[in-house]
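Structure, as structure tokens:
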Amino acid sequence: MRCGIDVGGTKIEIAILADNGAFLCRERTNTPDNYKELLDTIKKSVDNSAKSTGYFGPVGICMPGSVSKHTGLIQGANTTYLNGQNFQKDLQATLNRSVRLSNDANCFALSEAIEGSGKGYTVVFGVIIGTGCGGGIVANEQLITGANSIAGEWGHTPLPWPVENEFDNHDCWCGKTGCLETFISGSALMKDYEQIAGIKKDGQEIVVASENGDIVAEAVLQAVEDRIARGLAMIINILDPDIIVLGGGLSNINRFYKNIPGKLHGYVFSDNISTKLTKPKYGDSSGVRGAALLFK
Ligand SMILES: [Zn+2]
């Protein structure tokens, strides 16, 4: 058995999984608004799951932000009260169990590489394109975290091969300008559409509009496909993964899997591209699944 907990901005999900990946127990609670209550809520969930399954082993946590290798403290979490906390140490003391932490993109990559669409491939690049744009790398079923705990974090590198209209108005929340995340995310797609069409539509609505002949919708989708292709081409040129698995809200856009591979040829430094681009096997449950695999 394995235990994974996904600490999200609004919900905390805990799951106990069998060795074959089947759920034995799964529970969701609301995320409290302070750190002390968060620790108490996780303890209660872990105790409940132990009662129902008899599992008393280590616990993997999927969480926002990252753990500083230098201080052990959480940084860059959008659940802001976590920032500056030694979450791993505090959880281990509260639960009296071993605890490992990783961020959502890493947990997604791990889950897809070991049990999902990337199973059987040597190097897997897992991408989350949702409100933001994150990534994680798994090689030979091992998560690569890197010397600075930022391996795979492609969202805050500049958009490669920019064209004229891509230089302005792309200030990123991280303090830099021109980050991939300001081009490749659900929010960026919505912003692009709203700027030209003057009305708000979400990703799926933009897809439907394009299918019904909306030329603005079609143009912004083609633009984002080319930008994703450029971003992924940069990853292929450096890491050369066997497979790229897309996750997050925008991974539900089916046309990406047809259109993006063809666009890679313009940017990848090779005449032959055998890297696969695929949908995830597990969507929303990749957080708990990947967290549980941190102790595999
Ligand atoms: Zn940035």
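The values are calculated or read from the model by the stated rules, or taken from the named source; none is laboratory data. This is a predicted model, so every value here is computed, not measured. Don't worry about glycine lacking a Cβ; one is built from the backbone with ideal geometry, like all the others, and counts go over all protein chains shown.
Brief remarks follow.
- Wholly enclosed strands (runs of 3 or more DSSP E) of segment 11-92 bearing at least 3 residues under 19 Å from residue 106 (Cβ atoms): 11-17, 59-63
- Test: residue 128 is in contact with a helix residue (DSSP H, G or I) (Cβ under 9 Å, 6 or more places away or on another chain), modelled with pLDDT under 95 and either buried (at least 24 other Cβ atoms within 10 Å of the Cβ) or part of a strand (DSSP E or B) (or both): yes
- Segment 37-55 - residue that is surrounded by 14 or more Cβ atoms within 10 Å (Cβ to Cβ) and of a type outside the set (A, V, I, L, M, F, W, C) and, of those, farthest from residue 91 (Cα to Cα): 53
- Residue list for segment 75-89, restricted to those being surrounded by fewer than 16 Cβ atoms within 10 Å (Cβ to Cβ) and either within 13 Å of residue 37 (Cα to Cα) or not assigned by TED's automatic domain parsing to the domain that holds residue 6 (or both): 81
- Only one entry in 117, 98 is surrounded by fewer than 20 Cβ atoms within 10 Å (Cβ to Cβ), more than 16 Å from residue 13 (Cβ to Cβ) and at pLDDT 95 or above, namely 98.
- Here the condition is being within 16 Å of the ligand (Cβ to nearest atom) and in a loop (DSSP other than H, G, I, E, B); of 134, 116, 146, 152, it holds for 152 alone.
- Residue 183 falls short on exactly one of the conditions (1) surrounded by 20 or more Cβ atoms within 10 Å (Cβ to Cβ); (2) within 16 Å of the ligand (Cβ to nearest atom); (3) within 14 Å of the chain's Cα centre (by Cα), and that condition is (3).
- Of all residues in segment 68-95, those being in contact (Cβ under 8 Å) with a residue 12 or more places away in the chain, under 24 Å from residue 47 (Cα atoms) and of a type in the set (S, T, N, Q) number 5.
- Yes/no for residue 175 being at pLDDT below 95, at negative phi and of a type in the set (Gly, Ala, Ser): no
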